[in-house]
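Q: Sharing a structure, written as structure tokens. Questions coming.
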Amino acid sequence: IKVLEKNSDADASHLGVVAYVSTPCENCRFHAVRCLHQRHIAPDWLVEECRFDAVDDYQKLGEGGKSTSDP
């Protein structure tokens with residue numbers, strides 16, 4: 001995710017999703033979602049999943065708002 005964040009021209013659509021689904025780390029998953037959200041390339045299923053997450057920051061991203069963890 002840090003590589004994607006530092007290379008804004010890179011296509012994050014697939015790698016961001018792979019990073020999200022392949023790790024149990026909540027922080028890593030959040031950063032993947034945030035990267036996809038900021039680039040407006042989060043898949044619909046991921047946006048929907050975020051809307052119903054127990055963590056407020058995920059819910060805000062799912063609703064299209066800014067999370068409290070956004071820079």
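Rundown of residues vs (1) at pLDDT 85 or above; (2) open to solvent by 50 Å² or more (accessible area, probe 1.4 Å), yes/no style:
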| position | (1), (2) |
| --- | --- |
| Val17 | yes, no |
| Glu26 | yes, yes |
| Phe30 | yes, no |
| Leu36 | yes, no |
| Ile41 | yes, yes |
| Gly62 | no, no |
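Q: Still on this structure, please answer the following. Among Ala12, Ala54, which is the only one that is over 10 Å from the mean Cα position of the chain (by Cα) and open to solvent by 50 Å² or more (accessible area, probe 1.4 Å)?
A: From the options Ala12, Ala54, the qualifying one is Ala54.
Q: Would it be correct to say that Glu5 is among the charged types (D, E, K, R), open to solvent by 50 Å² or more (accessible area, probe 1.4 Å) and either in contact with a His (Cβ under 6 Å, 6 or more places away or on another chain) or at pLDDT 85 or above (or both)?
A: no
Quick grid of which residues meet (1) in contact with a Gly (Cβ under 8 Å, 6 or more places away or on another chain); (2) aliphatic (A, V, I, L, M); (3) in contact (Cβ under 8 Å) with a residue 60 or more places away in the chain; (4) not in a helix (DSSP H, G or I):
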site	(1), (2), (3), (4)
Ser8	no, no, no, yes
Ala19	no, yes, no, no
Cys28	no, no, no, no
Ala32	yes, yes, no, no
Ile41	yes, yes, no, yes
Leu46	no, yes, no, no
Glu49	yes, no, no, no
Tyr58	no, no, no, no
Leu61	no, yes, no, no
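The values are calculated or read from the model by the stated rules, or taken from the named source; none is laboratory data. Computed from a predicted model, the values in this text were never measured in an experiment. Here Cβ is always computed from backbone atoms with ideal geometry, including for glycine, and neighbour counts include all displayed protein chains. With ligands, DNA and RNA removed, areas are computed over all heavy atoms of the protein, side chains included. Shrake-Rupley method; radii C 1.70, N 1.55, O 1.52, S 1.80 Å.
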